[in-house]
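Student: Dumping the structure here so I can ask a few things about it.
What follows is calculated from the coordinates using simple rules that are stated; it is not laboratory data. Since this is a predicted model, take the numbers as computed values, not measurements. As a convention, Cβ positions derive from the backbone with ideal geometry for all residues, glycine included, and neighbour counts pool all protein chains shown.
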Amino acid sequence: MSEKMNVVAIVDERKAEMREVTRPKPLKGQVLIKIDGCALCTFEQRMFTRVVPVPLPFVGGHEFTGTIVELGEGVKEDKFPLGQRVAARMLHSCGHCYGCRHDEPNICTDSSHVDMSQMDIMGMGGLAEYINADISQVYFMPNDMPVEKACFAEPLACVLNSIEKGRIEIGDDVVVIGGGIMGQLHVMCAKLRGARVIMSEPDEARREIAAKLGADVCINPLEGDPIEMIKELTGGNGAAVVFNTTAVSAVAQQEHPDKPIEVSPNWLHNSEAVITGAVSPSVRSFRQSVDALSKGLIDPELLVSGSWDKTEAQKAFEAAIDPATFRCIIRF
């Protein structure tokens, strides 16, 4: 008879509950991870509110940490010790698409692939007591690191991928638009790169958090023209790098003189500006994230808005969709 485990499933609009499903067994080249905690990313929040209408029930979760409890065929314990705390980059990389062949597996055209062979309920599977991961996806973290901090490996890795695209140099003026979770992580990472960081955020409480995390200047874009504010702060030069971390396309107009989808070729030509995007963690940025957290270079404690036991998943989701919170974590 197959062993069972609990998962947290989204079962209806704004409704989450525990369900019992079959516990997976690690396959060849995999480890079984006992999940200790999983953060509720914006993606899970959008599924909870049905902004993203996935088929239900659905078990989300990809920002998790746990410990290795079982090894699949061919995995050696001296390399992957039982009891080791880990995080996992759960993106699939096919190895043969354009992105993979150009050292960008985070934009693999098959990156959303999830092995459903041992899953009773569809989803990414991190909101569960156990999950399988290929050994190539597993990253070691200190065994004494608090669960709440270790859960930041994945979102921080996403931000570090963005930071690398920004090519910040020491002394640069860097503007971060938006004081949500990703904006605040951008503040910390940009400071590590040696930048003077300017946070643009209308909410006073979030501006205060940004200042505590290292932002040198915080402005309220509703109190005037943010472009002129930045020019005044930078001697008329403007920012060297701008990170728009909001989901509101209109604010992209503050980053350059044209509309978001109508960029002036002449302006690009004369300014040599670079407009780019960043999505998901690369292999490189995930390693950097784990290192930064493990060595205490990034401390996300102020961005933890609370943790809830799996039996209180409904409360955790309700807290997560509150605009006043940052990361809410479900513990298993």
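Student: Nearest 10 degrees is fine. How inclined is helix 283-294 to the longest principal axis of the chain, computing both from alpha carbons?
Tutor: 90 degrees
Student: Tell me the net charge near Ser117. Cut-off is 15 Å between Cβ atoms, Ser117 excluded, with +1 for each Lys or Arg and -1 for each Asp or Glu.
Tutor: 0
Student: Let me check against my output: what whole-number percent is the relative contact order of the chain, with C-alpha pairs under 8 Å and at least 6 apart?
Tutor: Numbers: 690 pairs, mean separation 66.7, N = 332.
Reported as a whole number, the value is 20 percent.
Student: Round to the nearest 10 and give me the degree value, 0 to 90, for the angle of helix 181-192's Cα axis relative to the longest principal axis of the chain.
Tutor: Value to nearest ten degrees: 70.
Student: Under a Cβ-Cβ cut-off of 12 Å, what is the net charge of the residues other than Arg23 that fall near it, where Lys and Arg count +1 and Asp and Glu count -1?
Tutor: Working: positive: Lys4, Lys25, Lys34; negative: Glu3, Glu20, Glu70, Asp120, Glu129.
Net local charge, Arg23 excluded: -2.
Student: If packing is taken as the average number of other Cβ atoms within 10 Å across a peptide's residues, how do 280-288, 78-86 rank, most packed first?
Tutor: 280-288, 78-86
Student: Rg and Dmax of the stretch 165-271 over Cα atoms: what are they, in angstrom?
Tutor: 13.2, 40
Student: Could you give the angle, 0 to 90 degrees to the nearest 10, between helix 153-166's Cα long axis and the longest principal axis of the Cα atoms of the chain?
Tutor: Value to nearest ten degrees: 30.
Student: Please compute the contact order of the stretch 165-271 in relative form: average sequence separation of alpha-carbon pairs under 8 Å and at least six residues apart, divided by the residue count, as a percent.
Tutor: 28 percent
Student: With charges only on Cβ, +1 for K and R and -1 for D and E, what is the dipole size of the chain about its Cα centre, in debye, rounded to 20?
Tutor: In debye, rounded to 20, the chain gives about 720.
Student: Name the lysines eligible as straight-distance cross-link partners of Lys28: C-alpha to C-alpha under 29 Å, and not fewer than 8 places from it in the same chain.
Tutor: The qualifying lysines are Lys4, Lys76, Lys79.
Student: Based on the Cα gyration tensor of the stretch 6-110, what are the three equivalent ellipsoid semi-axes, each the root of five times an eigenvalue, rounded to whole Å and given largest first?
Tutor: 27, 22, 12
Student: With 20 Å bins from zero, work out the P(r) of the chain over every alpha carbon pair and list the percent per bin.
Tutor: Going out from 0 Å in 20 Å bins, the chain shows 30, 56, 14, 0 percent.
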